[in-house]
Amino acid sequence: MKVLIVGSGGREHAIATAVAKSPRVEKIYCAPGNAGIASLAECVNIGAMEFDKLVAFAKENAIDFTIIGMDDPLVGGVVDAFEAEGLKVFGPRKNAAILEGSKAFSKDLMKKYNIPTAAYENFDNPEKAIEYLKTAKMPIVLKADGLALGKGVLICNTLEEALAGVKEIMEDKKFGTAGNTMVVEEFMTGREVSVLSFVDGKTIQIMSSAQDHKRAKDGDEGLNTGGMGTFSPSPFYTAEVDEFCQKHIYQATVDAMAAEGREFKGVIFFGLMLTPDGPKVLEYNARFGDPETQVVLPRLKNDIIDVMEACIDGTLDSLKLEFEDKAAVCVVLASDGYPLAYEKGLPITGFENFEGKEDYFCFHAGTKFNENGEIVTNGGRVLGITATGDDLKEARAKAYAATDWISFANKYMRHDIGKAIDDAE
Ligand code: AMP
Ligand code: GLY
């Protein structure tokens with residue numbers, strides 16, 4: 001079959017790598033893709049938000065199966081656009097992608113269906129928010145309702161910071177219309193775990209757990225980023241945690257969406273906080289996480305097309321999701337200065353070191369070919385250097401060793417990805 005993948009990051013490179021392993025797939029296209037994805041797929045110069053062009057491309061090229069990697073097109077209704085033309089597509093429809101698209105929606109859903117999450121209030125009026133904050137306990141968390149590239153969350157230690165936050169989100173509209181509504185949420189403490197799952201509308205099967213590192217600098221300092229590295233599985237995701245989440249969070253979320261007439265098919269990403277009072281949902285995403293996908297999919301044993309098809313067909317209960325009994329660590333190589341200003345267009349060398357090595361992956365995030373055909377940097381997050389190993393320590397040592405194989409002028413990375421692995425001992 002012919003497969004089209006929509007997106008251009010490390011997540012899409014990891015998805016393309018999994019798809020390329022399927023004996024059912026004869027050709028992969030990716031829109032718009034990047035220089036790494038180009039080694040597996042034919043990259044097509046169509047943006048992820050150009051729904052008409054994507055649909056037209058799929059029809060003209062007889063694409064059998066389309067996979068949407070990114071959040072923006074899902075929230076904008078790309079799946080509905082494909083389905084309207086009778087095309088097979090993996091991802092939630094617009095009315096289900098709202099699970100990620102609106103934090104106010106997801107908080108109200110959790111409250112209505114008793115899914116554990118932080119206490120909160122939603123506001124669409126800044127004065128009311130300010131009034132509420134004056135009597136609230138600090139620290140407190142402010143969240144822009146809509147999509148904000150993972151940056152619309154402010155943790156405020158004092159009332160002053162909180163008032164400045166209201167101004168930023170609701171009045172100055174730093175995150176655009178995402179800040180028309182704002183969630184004010186109780187501050188929680190604990191370890192964070194990311195759990196990705198496949199969902200077919202009724203059945204949910206979770207993938208191996210992972211942990212992200214969102215801050216730019218070592219020691220969890222610096223600004224929030226899209227994610228500077230991940231490891232999987234998380235040693236803190238114990239059998240006990242899993243049992244609790246299976247009982248109170250995963251199926252409950254799928255059932256809640258179905259009960260609301262918003263049947264969810266695709267990937268639900270549960271951002272969990274393991275608080276002293278038990279696991280609680282920090283956030284939902286309606287897609288694979290990035291870089292979480294880079295440490296999860298390389299260990300998936302199933303044919304990913306079979307799994308995705310089962311999600312669309314509502315037959316996920318007839319399939320058993322299986323992962324290799326290994327660990328994986330991903331260290332992101334970024335452009336120095338990310339997530340603020342950074343230089344692009346710098347040549348990258350060393351890719352040949354990854355050739356023929358089954359347990360090492362160099363997933364491309366922000367790369368492209370320049371006019372001379374060289375691979376150059378083209379974004380804040382440039383590459384995801386991933387290695388698998390028998391345990392987390394081995395995977396981490398291998399991933400860090402492999403970061404030396406790649407060179408570019410403004411290469412930047414965190415040196416403490418997976419430090420929690422030592423804490424777990
Ligand atoms: P989110 O996009 O909702 O996952 O938030 C981004 C990050 O902010 C999370 O990964 C947490 O580190 C932090 N965060 C969000 N909500 C809370 C909360 N209620 N308490 C503490 N930290 C939070
Ligand atoms: N790594 C977090 C995310 O994909 O949202």
* Structure fact -> Quick P(r) readout (the range 63-167; Cα-Cα; 5 Å bins; whole %) gives 2, 11, 18, 17, 15, 12, 9, 7, 4, 3, 1, 0
* Asked: Can you give the convex hull volume of the alpha carbon atoms of the range 1-102 per residue, in Å³?
  -> 87 Å³
* Structure fact -> For the range 85-243, one quarter of the surface area of the C-alpha convex hull, expressed in nm², comes to 11.8 nm²
* Taking Cα centroids, how far is the range 41-84 from the range 1-37 in Å? -> 13 Å
* Asked: What's log10 of I(q)/I(0) for the range 71-131 at q = 0.28 Å⁻¹, Debye sum over Cα points only, no solvent?
  -> -1.06
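Arranged from highest to lowest average of other beta-carbon atoms within 10 Å per residue, in what order do the peptides 18-27, 286-295 appear?
Most protected by this proxy first, the peptides run 286-295, 18-27.
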* Computed over the range 376-421, Kirkwood Rh from alpha-carbon pairs, angstrom -> 11.7 Å
* Structure fact -> In nm², the average projected area of the convex hull spanned by the Cα atoms of the range 172-308 is 10.2 nm²
* Only Lys, Arg, Asp and Glu count, each charged at its Cβ (+1, +1, -1, -1), so figure out the dipole size of the range 334-425 about its Cα centre, rounded to 20 debye. => 360 debye
* Listed pairs K53/K280; K59/K301; K128/K280; K103/K265 exceeding 29 Å between Cα atoms -> K53/K280; K59/K301
* For the range 249-332, what log10 I(q)/I(0) values come out of the Debye formula at q = 0.19, 0.25 1/Å, with one point per alpha carbon and no solvent? -> -1.10, -1.36
* **Relative contact order (percent, whole number), the chain, Cα cutoff 8 Å, 6+ residue spacing** => 16 percent
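Taking the alpha carbon gyration tensor of the range 338-389, what are the square roots of 5 times its eigenvalues, largest first, to the nearest whole Å?
Result for the range 338-389: semi-axes of 22, 15, 6 Å.
Report the antiparallel proportion of the DSSP beta bridges in the chain as a percent, rounded to a multiple of 5.
Numbers: 63 of 78 bridges.
Rounded to the nearest five, the antiparallel share is 80 percent.
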* Asked: How compact and how long is the range 286-425, expressed as Rg and Dmax of its alpha-carbon atoms in Å?
  -> 17.0, 50
* Measure out, as a whole number of angstrom, how far apart the alpha-carbon centroids of the range 200-265 and the range 307-376 sit. => 20 Å
* To do: Using only alpha carbons, build the gyration tensor for the chain and give me the equivalent ellipsoid semi-axes, biggest first, whole Å.
  => 31, 26, 23
* To do: Order the peptides 6-15, 178-187, 127-136 from the highest to the lowest mean number of other Cβ atoms within 10 Å of their residues.
  => 6-15, 178-187, 127-136
* **Set of aspartates and glutamates near K344 by C-alpha distance (under 16 Å), chain-local residues within fewer than 8 positions excluded** => D336, E371, E374
* To do: Sort all Cα-Cα distances of the range 261-309 into consecutive 5 angstrom bins from zero, then give the percent of pairs in each bin up to the one containing the longest distance.
  => 5, 15, 19, 23, 18, 13, 6, 1
* Three principal axis extents, largest first, for the C-alpha atoms of the range 294-371, in Å? -> 49, 27, 25
* How would you order 367-378, 219-230 from highest to lowest mean count of nearby Cβ atoms within 10 Å? -> 219-230, 367-378
* To do: Can you tell me the equivalent ellipsoid semi-axes for the range 184-242? Use √(5λ) from the Cα gyration tensor, largest first, whole Å.
  => 24, 14, 13
* Could you work out the helix-only [θ] at 222 nm for the chain, with each DSSP H run of four or more residues adding -39,500 (n - 2.57) and the total divided by the number of residues, to the nearest 500 deg cm²/dmol? -> -7500 deg cm²/dmol
* Estimated inter-spin distance, K59 and T158, nm [label 7 Å along Cα→Cβ] -> 6.0 nm
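The numbers here are math on the coordinates, done by the rules we state, and not lab data. What you are looking at is a predicted structure, and each value in this text was computed from that prediction instead of being measured. Cβ: placed from backbone, ideal geometry, glycine included. Neighbour counts: every protein chain shown.
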